[in-house]
Amino acid sequence: MNNFGNQLYQSIMLGDYAGEGDLIQLITDDEDDEQILQENYSEQIPILSVRNTVLFPGVVIPITVGRQRSIKLVKKAQKGDKLIGVCAQISPNNDDPGWDDIYQVGTLAKIIKMIVLPDGNTTIIIQGKKRFKITEQIADDPYFIAKVDYLEENFPEGNKKIEALEESLKEAAAKILHLNPEIPREAQVALDNIDNTPFLTHFLSSNINAPVEPKQRLLEINDGIERATLLLEFMMKDIQMLELKSEIHKKVHTDIDQQQRDYFLRQQMKVLQTELGEEGPEKEVEDLRAKGLKKNWPKEVAKHFEKELDKILRINPAAAEYPIALNYAELLVEMPWNEFTTDNFDLKRAKAILDKDHHGLEKVKERIIEYLAVLKLKNDLKGPILCLYGPPGVGKTSLGKSIARALGRKYIRMSLGGLHDEAEIRGHRKTYVGAMPGKIIQNMKKVKTSNPVFVLDEIDKLSSDFRGDPSSAFLEVLDPEQNNAFNDNYLEVEYDLSKVLFIATANSLESIQPALRDRMEIIEVTGYTLEEKVEIAKKHLIPKQRKEHGLKGKDITFDAKSIVKIVEDYTRESGVRNLERMIGKVVRNIAKSIAMEEVHNKKITPAMVREILGGEVFDKEIYQDNGVAGVVTGLAWTSVGGEILFIESALSKGKGKLTLSGQLGDVMKESAMTAISYLKSKADKWDIDHRVFDQYDLHIHVPAGAVPKDGPSAGITMLTALASLYTQRKVKGKLAMTGEITLRGKVMPVGGIKEKILAARRAGLTEIILCNRNKKDIEEIDQHYLEGMKFHFVESVDEVLHIALTDEKVEDPIHFHFENDHKVLEN
């Protein structure tokens, strides 16, 4: 109900008295009103200032007076003629107004009744009599007294304009009543009974929905037509506002009903939650805010967190956005912001832990000790990005655990094999359905510290597709100059990764993006020798397998020879993963015998190994055969370590056709072509009839045929095989070689030397031919790996052939026949 309808209803129903400034309008009798206008009043009257109220002639209102000055005035008037002047205050907040704080035009009023309330305040019911204007200020104390001039009403009788205005005012009032159906029907009846135009104007002016200032304007106007016109304007604005409200109400009525229903249901749910001791949305937010106050995070993050909490409070708990916003706030408060574990700077202890957990790997251990030493001296070091590069099974991943234990840090591992979505690293934006932070942030949240040892396993297995390139996303993660402000799309605020010790592992460097490889410190982890594998089996693999199979130390023991047999005859790898499987198979066999209460031998011997594992998988005898011309042992590097390979060549009568088989790559085919071209150019030097190149077909094969092979390392091996074939001379036994060749006969260095040397050692080879520039690689290998092996460092292919070829002919040499010379030539 608007102000007009409310006041009019009160006027009719004569309700309770209101506080000072509130209105209860009384419609006066017309005859009394005429009588009031004819009285003569004193020119000097007391002035009562009122708040939020403008009194009009003929209107009755209750006023509660509480100021001491006003109480004195009312009591004095009540004892006299009961007439007072009523003026509205310009500012309703002024508790002690002066002459300048009240309007100069007011209404003479008569006190009809005075009531003293229980709280000590006094309420008076007054009726407006006549308008006046203050002309002179007589006194301020004990209350205002002023000299006034009374203002006459100017309503010309019989004026059609006045009649039209009266009708318009009644119609406007009726429309206002119609737009407020809550106003009772008696209000319209009362309006219809008013036929005095001046009183109608005063009555409606007192009840319009307007502040004090517009009502005071109406009171000050002497011309009746002007006053009625302005009043009508105010009422029309009120009607427009009511119509607009009514239209809006109709549109949102259904929504408001639904909101009210939801509100009541939520209130009931809140009561039930309180009874059950469950937390509501406000409690959740306050708990998060309390946790946030304990976080040692940057000011920007704290400000962002508070903003998110305020946003949550504005979201309806039933809305789909609510759990998303709540989960995000929980992630922020659960992240480790500047929460560090204390590093252990006992370098001797760290070295002892590394030595205990891993046999060998001296380069890696030395690098970790260096890192700890610098961190101990400086006490502030950006986490280096180490990349452990080597074949599978050599302990790259488990080394990360040992480093974390040596440093006293938390350990976290993230497998990157097959990762192809950039969002897995940087996270999704919160606008996506099912958005999540990236795995980096997820793991940091899980480990609950800002300086863990973070192992990025299989970084060379990253892939890319239409969803992005994860390896490019890692450029920011693994750059010490950038990762102090890592930006996750979901987290939205920068996170510091500079204190994290990242350790990446890889089997191959070729598949790692060059820019990413440039950001990492590459540490090569090579394969193990036979002696190292035996020690690893004794210290780590056998105790581990006993424990996993529920056996004790007294239930099964291995002697050194049985371990050597497993390594040499059943495994051929750089690491120890397959060795562990073979040991596990032996241990399971003993566990089965114990469980079935069978008689068994607790000490494992080489004979028992053969009985349990079956026949030997690898036979070394085939690698020492040098009785056939054109077969030479080469050395190759693979992702699983070093391997030996054989270059086989054969001649057959034909037209000089060349056949290459064994799934050779382009580089390896070029090495074969280079070797043939060099031998053709040096045929006379090595006593080779040049006609053999045109009248005999050459076939070069590299077993195994199902395995793809490529690389330049087999250059001197192919040349030696062809020289042996064309000269029919034996190749020195137990000899292997690796190196690249040029057309000029130079031998070029190759990589993967340690893996190749270990492969030759496993195969029982004792002599190795290498490029002279690979001598530095041999110097970096521990000498005990090289015991019993002889190395030849060469510069040219002539040196290779002088070392590799013997003067002894093969047992069944080829007898070459040429079309233009039927003489049998024995080379």
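Only the coordinates and a few stated rules stand behind these numbers; no lab work does. Because the structure is predicted, anything quoted here is derived from the model rather than measured. Virtual Cβ from ideal backbone geometry, glycine too; neighbours counted across all protein chains shown.
Pull out a ≥ b ≥ c, the square roots of the eigenvalues of the alpha-carbon gyration tensor of the stretch 347-524, then state rounded if a/c is under 1.5, prolate if not and a/b is larger than b/c, and oblate in the remaining case. Verdict is prolate for the stretch 347-524.
Considering only beta bridges that DSSP places wholly inside the stretch 622-825, some 55 percent are antiparallel. Summarising the strand pairing of the stretch 347-524, around 15 percent of its internal DSSP beta bridges are antiparallel.
Based on Cα contacts under 8 Å between residues 6+ apart, the stretch 463-622 shows a relative contact order of 19 percent. In the set (i) 1.58; (ii) 1.38; (iii) 1.85, the label that goes with Cα Rg over 2.2 N^0.38 Å computed for this structure is (iii).
In the chain, helices alone account for a calculated mean residue ellipticity at 222 nm of -13000 deg cm²/dmol, with every DSSP H run of four or more residues adding -39,500 (n - 2.57).
Grab the other residues whose beta carbon is less than 15 angstrom from that of ASP479, score K and R as +1, D and E as -1, and report the net. Once all neighbours under 15 Å are counted, the net charge is -1. The residues THR529, THR766, THR633, when put in order of fewest to most other Cβ atoms within 10 Å, stand as THR766, THR529, THR633. To the nearest ten degrees, helix 299-313 and the longest principal axis of the Cα atoms of the chain are 60 degrees apart. Think of the chain as a dipole: +1 on every Lys or Arg Cβ, -1 on every Asp or Glu Cβ, centred on the Cα centre; then among LEU805, ALA704, ILE162, LEU805 lies furthest on the positive end. Kirkwood radius for the stretch 684-786, taken over all pairs of different Cα atoms as the inverse mean of 1/r, rounds to 15.7 Å. Computed on the chain, with alpha-carbon pairs under 8 angstrom and 6+ residues apart, the relative contact order is 7 percent. Computed from Cα positions, the angle between helix 753-762 and the longest principal axis of the chain comes to roughly 50 degrees.
Computed from point charges on the beta carbon alone (+1 for Lys and Arg, -1 for Asp and Glu), the dipole magnitude for the chain about its Cα centre is near 4720 Debye. In the stretch 513-543, whose amide N lies under 12 Å from the spot 7 Å out along Cα-to-Cβ of ASP782? List them in ranges. Answer for this model: 526-536. Extension gain for the segment GLU226 to SER168, taken as residue separation times 0.36 nm less the Cα-Cα distance, is 19.5 nm to one decimal.
The relative contact order of the stretch 281-334, computed from alpha carbon pairs under 8 Å that lie at least 6 residues apart in sequence, is 44 percent. Going by neighbour counts of Cβ atoms within 10 Å, the residues GLU492, GLU808 line up, fewest first, as GLU808, GLU492. In the chain, the DSSP beta bridges split such that about 60 percent are antiparallel, to the nearest 5. Each 5 Å bin from 0 upward holds the following percent of the Cα-Cα pairs of the stretch 478-526: 5, 18, 23, 19, 17, 12, 5, 1, 0.
Could you tell me whether the stretch 504-636 comes out rounded, prolate or oblate from its Cα gyration tensor? Rule is a ≥ b ≥ c as square roots of the eigenvalues, rounded for a/c under 1.5, then prolate if a/b exceeds b/c, otherwise oblate. Oblate, because a/c is 1.5 or more while a/b does not exceed b/c. Here's the picture: charge each Lys and Arg Cβ at +1 and each Asp and Glu Cβ at -1 in the chain, and of PHE345, LEU272, LEU651 the one pushed furthest to the positive end of that dipole is LEU651. Axis angle, to the nearest 10 degrees, between helix 715-727 and the longest C-alpha principal axis of the chain: 20 degrees. One equal scatterer on each Cα of the stretch 622-825, no solvent, Debye formula: the resulting log10 I(q)/I(0) at q = 0.08, 0.13, 0.18 Å⁻¹ is -0.25, -0.66, -1.26. If the chain linking ASP81 and ALA320 were pulled fully straight, counting 0.36 nm for each residue of separation and taking away their Cα-Cα distance, it would gain 78.9 nm. Working from the Cα coordinates of the stretch 570-728, the gyration tensor eigenvalues give, after taking √(5λ), semi-axes of 46, 16, 12 Å in decreasing order.
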